[in-house]
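Heads up: the structure comes next, in structure tokens.
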Amino acid sequence: MEPSSRHLSPSLLTPIVILLILACMPLVGSRFFIYLVSGILVTGLLATSLNLVLGFGGMYQFHHAVFYGTGAYCTALLLTKTSLPAWVAFVSAPIGAALLGLVIGAICVRLSKLYFGMLQISLGSLVWAIVYRWYSFTGGDDGIHGIPLPSWISGGKPAYYAVLLTVAVCFFLLHRIVESPFGRIFQAIRDNPVRCEAVGIPVQRHQLIGQVLAAAFAGVAGALFVVVEGSVFPDMLFWTLSLEILIMCLLGGWFRFWGPMVGAAIIVCLRTYVGSYTEYWTLILGVFLMLIIFFLPDGVLGLAERLTRRNATASST
Amino acid sequence: MNRSICKVSAILCFILMLTTSGFAADTIKVGLIDCYSGPPSTYTNDVRDAFKLAVDAINAKGGVLGKKIEFQTRDTKFKVDLGIAAAKELIMKENVNLLMGTINSAEALAISDICKAEKIPLLVTFSKSEAITGAKGHRYVFSFTENTAMAGKAAAVGLSKKPYVKYWIAGDDYEYGHAIGNAVWENLQKLNPKVELLGQTWWKVGEPDFTPYISSILAAKPDAVIVATGGASCVPFLKAAKATGFNEKVPFFMHTATELSTLQPLGLDAPEGVIGTSNYFFYYPQTPENKQFADEFQKAYGRPPKVGALYGYITAMFLKKAYEKAGAVDTEKFVDALEGLSVDSPIGPLTMRAFDHQLMLPMYMGVTKKDPGYDFLVASDIVTIPGEAVMPSIEDIQKARGK
Amino acid sequence: MLHVENLQKSFDGFMAVCDAHLVVSKGDIVAVIGPNGAGKTTLFNLITGQIRPDRGRVLFKGEEITGLAPYRICERGICRSFQIVNIFPRLSVFENVQVAVLAHQKRALDLMKPARNQGKTETERILAGFDLLDQKDRKAGTLSHGDQKVLEMAIALGNEPDLLILDEPTAGMSPEETAHCLALMKRLSAETGVTILFCEHDMEMVFAVSTSIMVMQQGKTIIQDTPQAVRASREVQEAYLGECPNAA
Amino acid sequence: MAEGIALQTILQQLLVGLSRTTILFIVASGMSLVLGVLRIPNLAHGSFYMIGAFLAYSVSAAIGSTMGFWTAVLVAPIGVALLSFAIERGLFRHLYDREHLMLLLFTFSFTLVFSDLVKLIWGSDYRSMPVPEVFQGSILVMGLTLPLYNAFLLAVGPIVAIGLWLLTQKTKIGKIARAAAVDREMVDAIGINVQMIYSVVFVIGCFLAGLGGALVAPTQNITQGMDHGIIMETFLIVIVGGLGNIWGALTGALVFGLSHAVGIMVFPQFAIVIPYLAVVVILMFRPRGLLKSIW
């Protein structure tokens, strides 16, 4: 396979094959395995939505989890507090998250790099503080659990298929966006915002649209979390979760579309596997992150690509 | 293209390898989920250690029905989401026979929901919200600790004798805080209609600094304060009370204030004259069983047993006797056997009420006082309120469950 | 086409541009020359909106564009290349020019259609014009300095501008690259009729290609006239060329 | 309930709020210094604060109360400074030319590692450090009762502020550090060992975090969760005050501490929301913070 110079985006065939493997997995996997893989898919979607603005947009998205939490809480509150049909609650998640993305984005997008990230953390923390302390409405520190899910998606397998379908659609859309003119110009802004402005692109408006899109997809991930877990917690809005997702993008390789998905799979598996043997999971995650930063700057996929390129050139010379 | 497939299948089989169980085969598998980091661990460590003490003794004598009892612990860091994740993992991956644990009431309720769906018994050892066996009670949840309703009734009995009229309620803004606050207030109003509520303050769980809250309560000049704090804030609140002289200015009641696990970390720095209710003192009642249990625990862990130790120990006793009565390691038979079962414990015989699966524990009400014999404060002029007197009535529970 | 009237800009008291005048008519090739620090780049930044002027006006095709955002000015048809190479290093050469083409065709907000073949024909036409077509898929960051300067001009052309502003296009280029660039500018002006405004240090090139020359010193416009008149004028010699040995 | 509170109690609340501001200021000025000069948002700053508190606890428990307190307030920050020096020399040094994001994530990895290390070393159960006798009880200030220890804190705050101001404005290292903040390559080019400047600034910043931790130890319980909470507050204070600006950190701490104290009194349930609200409102109008940041 001739190593194409552009970053490796697999043809349409590979994702379809992977989709088939995942689709027939529940027939053979144990219940816990299904629950785990649906958790990975949700986290993967969240990490890839972050990567839209982080890896491809070059924006320091320090508090992406606030959109994830907002989407989850929109769905949870509508399902528990109102008698609206379930699909309204699920659709409200991306819309609510996108609205929040618009508001926070409009304020933050005037700034660049470090300032953008720090301002976003403070705005996000305000949302966290409100949800965390509004005991009567959001259940405060206890969160909301035992959320009544409609029968067709409650339970291990149906939830898994609902998640798989939605995540597949979202990945398809995200891939199209990244490969679309919007995505191409988004990457140009990442490389050189001044030049983009000079070439006739309203950079701030473009970045704002990027923020709204990423927030909407994070909102979908939030709704899927409610489908899988049946409960929501204020910790979903806390900044430490945002940085954990950032780690997933870094681990997978943030200049590749499938990087965050790989990163999410590895981190979720590690957390579950290590978590059952020792209480000191955060210590291991910390050391693991240090090793990645030192020895694996462009992530697992970057490494994989370097290896394949090295043995590809080796075999072709 | 083939490289992407081998990447994904590598990850999938890595996950598959993950689902192997951590338990040895053919044992009674117990999953203990609790918070072992931060302030609550002063209580939960005792539950785990006493449970281990009892389980080792049982296994030494051949286990139950020929099977050894084995348990794994999970640390939830007082967070509900980690609690739920641990419960799901233990049930689905380790397929435990029963779950035990958790001090955080909200966690207990969340895990109770899961156990109801998965038909796995949950033995609650420390969270005290009355909803656990009351409004949200179901066939598979059993509580081995008193709950807020019982504490409320006991406190109301004690406080109604006091001359205070204007009260203030302050506490942790989470499930337990609100449950204990309401329980004490409702029962107090029934016993003494003259009482009047000036206002309430709710701070976030694990609030580091209480001084500003205390000064704002003092400003309202109440006769007495009902402090509804849970495991995370009992000790820090008493510390702030001593620093600001809160206990000299205004008498206050706090459930579990007189307990060793709350007073020991503060040593002689704890405030005196605080009214508190508790389930267990290793120095009261002076019965031989209590002394033997206290010495055994002291010998094993080098520290006197606290209230958590009582809960851990009696849970193991009930577990053993219920399985023996059931005759097989079968969940349905185990649940039926446990209902109405009674076991003799370091503080006398205790029975599990069949209707709502709530253990009928006696309550000791006392006031904190310095004692030359110990380097921590102890409870003095203790009044024992028998278990039956504090249990919520069956009608209350049926009303709460909306039958 | 472009009128600049007594533009002024100072940074913390330092008068970078204090009284600049410039007139560029359609189809011209106008050069702005002057010693280092005369304010040439600042003047260009003021015209294309990177910096806002303190005083003065900029009119393009009769419409005032002073202080507009750079992307609005570019939409009106003024495009520029930068003195220090300012391209998209991580994108390929094709993608670099394609970004400008997409922006010009207002396709920036199209979310769905794959961008691979969007604006392919225009981009390849421009690349062919600058004979960069063979390096189409190479990452822009890996090009040589000369090629990057050429790519810089190609990107500016992506917007099919009416007025092309080049900030020292041949800086850091070898002699034959400079000659190549000279020929390119001539061909562009002849074929597409695009008006070019550029600043340069290479006197030989300036007098060879430009139809009008504006001389600046300490932020002031000294003279704007045809090359012959500028070469002959007294003030320019003292201010800029020093004692010119073969004063005509 | 709000209108019943006399002016006297409002002043009382503000006074209590002020003493908390001192702690916030000391920790925030350390973060602002590191952020201003090295341009790294040091997320591990909270962990150094927590380690400072735990070290102070161990020292005061070992030596006894009055003397113990003073040695603790001295030894704990120095211990933290040594730890930060080792980390900076050993690991941070190789990363300075990397992207901001890598450095930020690297400091986050320390937050993760330290939170568990502290649990390993000091165990998970409860720690409390007694207030030294000399500061027990409270004094009357203009008719308001102010715990003596809070008064001590109110005195420490300005001392640290002036000390820092002298360090950055008057000493040679301070001047070079401010120059390095604006243009690192230029300072490098004229032959100054920027690496040394960076490690000095980093160590001072962490010293302040450790000092903040040691001073707060007697007032509240010392647990693992301290680092996550304080990080958010210091981040906000530094942004509001202006990056790298010492007086900015002071104004930010005042804004945060006072709005928190008022919040408790007026709207106790949403007490922690009000400081965030105040910060966000300020940032909307002055995204770069109230005072000028040094870069």
In the list A:TRP152, A:TRP239, which residue meets the criterion of being modelled with pLDDT under 90, of a type in the set (Phe, Trp, Tyr) and closer than 28 Å to A:SER112 by Cα? A:TRP239
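Okay, residues lined up against (1) surrounded by fewer than 23 Cβ atoms within 10 Å (Cβ to Cβ); (2) assigned to a loop (DSSP other than H, G, I, E, B); (3) at positive phi:
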residue	(1), (2), (3)
B:ALA57	yes, no, no
B:GLY62	yes, yes, yes
B:GLY83	no, no, no
B:ALA87	no, no, no
B:ASP113	yes, no, no
B:PHE126	no, yes, no
B:ALA131	yes, yes, no
Going residue by residue through the range A:149-161, is there one that turns out to be on the phi > 0 side of the Ramachandran plot, within 14 Å of chain B (Cβ to nearest Cβ) and surrounded by fewer than 18 Cβ atoms within 10 Å (Cβ to Cβ)? yes
Can you pull out the helices (runs of 4 or more DSSP H) entirely within the range C:67-168 that have at least 1 residues that are within 11 Å of chain A (Cβ to nearest Cβ), among the basic types (Lys, Arg) and within 18 Å of the chain's Cα centre (by Cα)? C:70-75
Of those in the range C:6-64 that are under 23 Å from C:MET185 (Cβ atoms), charged (D, E, K, R) and touching a Gly at 6+ places or on another chain (Cβ under 9 Å), the residue surrounded by the most Cβ atoms within 10 Å (Cβ to Cβ) is C:LYS40
Filtering the range A:168-202 down to residues that are more than 8 Å from every other protein chain (Cβ to nearest Cβ) and surrounded by 24 or more Cβ atoms within 10 Å (Cβ to Cβ) yields A:PHE186, A:ILE189
Just give me the residues in the range B:355-400 being farther than 17 Å from B:PHE281 by Cα, within 22 Å of the chain's Cα centre (by Cα) and not hydrophobic (A, V, I, L, M, F, W, C), in sequence order. B:ASP356, B:HIS357, B:GLN358, B:GLU388, B:PRO392, B:SER393, B:ASP396
Is it true that D:PRO218 is modelled with pLDDT under 85, in contact with a strand residue (DSSP E or B) (Cβ under 8 Å, 6 or more places away or on another chain) and within 11 Å of another protein chain (Cβ to nearest Cβ)? no
C:THR211 fails exactly one of the following numbered conditions: (1) away from chain A (no Cβ under 14 Å); (2) closer than 21 Å to C:PRO89 by Cβ; (3) polar (S, T, N, Q). What is the number of that condition? (2)
Among (1) within 14 Å of chain B (Cβ to nearest Cβ); (2) in contact with a Gly (Cβ under 6 Å, 6 or more places away or on another chain), which single condition is D:LEU7 missing? (2)
Kindly indicate whether C:GLY27 is of a type in the set (Gly, Ala, Ser) and either in contact (Cβ under 8 Å) with a residue 60 or more places away in the chain or not in a loop (DSSP other than H, G, I, E, B) (or both). yes
Being at the interface with another protein chain (Cβ under 8 Å from one of its Cβ atoms) and either in contact with a Pro (Cβ under 7 Å, 6 or more places away or on another chain) or within 22 Å of A:SER49 (Cα to Cα) (or both) narrows it down to one of A:LEU224, A:LEU250, A:LEU208, so name that one. A:LEU250
If you go through the range B:171-218 one residue at a time, how many are over 14 Å from D:GLN269 (Cβ atoms), assigned to a loop (DSSP other than H, G, I, E, B) and of a type in the set (D, E, K, R)? 2
Are there any pairs, at least 6 apart or on different chains, whose C-beta atoms fall under 8 Å, with the first in the range B:30-46 and more than 9 Å from every other protein chain (Cβ to nearest Cβ) and more than 11 Å from B:THR76 (Cβ to Cβ) and the second assigned to a loop (DSSP other than H, G, I, E, B) and aromatic (Phe, Trp, Tyr), and if so, which? B:TYR43/B:PHE126
Output the residues belonging to the range D:107-156 that are of a type outside the set (A, V, I, L, M), farther than 23 Å from D:ASP227 by Cα and over 19 Å from the mean Cα position of the chain (by Cα). D:PRO132, D:GLU133, D:PHE135, D:GLN136, D:GLY137, D:SER138, D:GLY143, D:THR145, D:PRO147
Step by step: first the residues of the range B:174-200, then only those that are surrounded by 22 or more Cβ atoms within 10 Å (Cβ to Cβ) and β-branched (Val, Ile, Thr), then the one that is farthest from the chain's Cα centre (by Cα). Which residue is that? B:VAL184
Could you check how many residues of the range D:71-99 are over 15 Å from D:ALA44 (Cα atoms) and at pLDDT below 85? 7
Looking only at the range A:275-299, count how many residues are more than 10 Å from chain D (Cβ to nearest Cβ), crowded, with 18+ Cβ neighbours inside 10 Å and either closer than 16 Å to D:PHE108 by Cα or at pLDDT 80 or above (or both). 0
Counting only residues that are under 25 Å from B:MET92 (Cβ atoms) and in a loop (DSSP other than H, G, I, E, B), which one in the range A:257-277 is nearest to the chain's Cα centre (by Cα)? A:SER276
Taking the condition within 14 Å of chain D (Cβ to nearest Cβ) and in contact with a strand residue (DSSP E or B) (Cβ under 7 Å, 6 or more places away or on another chain), does B:THR201 pass? yes
From the option list D:LEU120, D:LEU74, D:LEU83, D:LEU103, single residue qualifying as in contact with a Leu (Cβ under 7 Å, 6 or more places away or on another chain) and assigned to a helix (DSSP H, G or I) is D:LEU103
Among the residues of the range A:118-148, what is the count of those that are within 12 Å of chain B (Cβ to nearest Cβ) and polar (S, T, N, Q)? 2
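The values are calculated or read from the model by the stated rules, or taken from the named source; none is laboratory data. For clarity, every value in this text was computed on a predicted model and none was experimentally measured. Quick reminder, even Gly has a Cβ in these numbers, built from the backbone with ideal geometry, and neighbours come from all protein chains shown.
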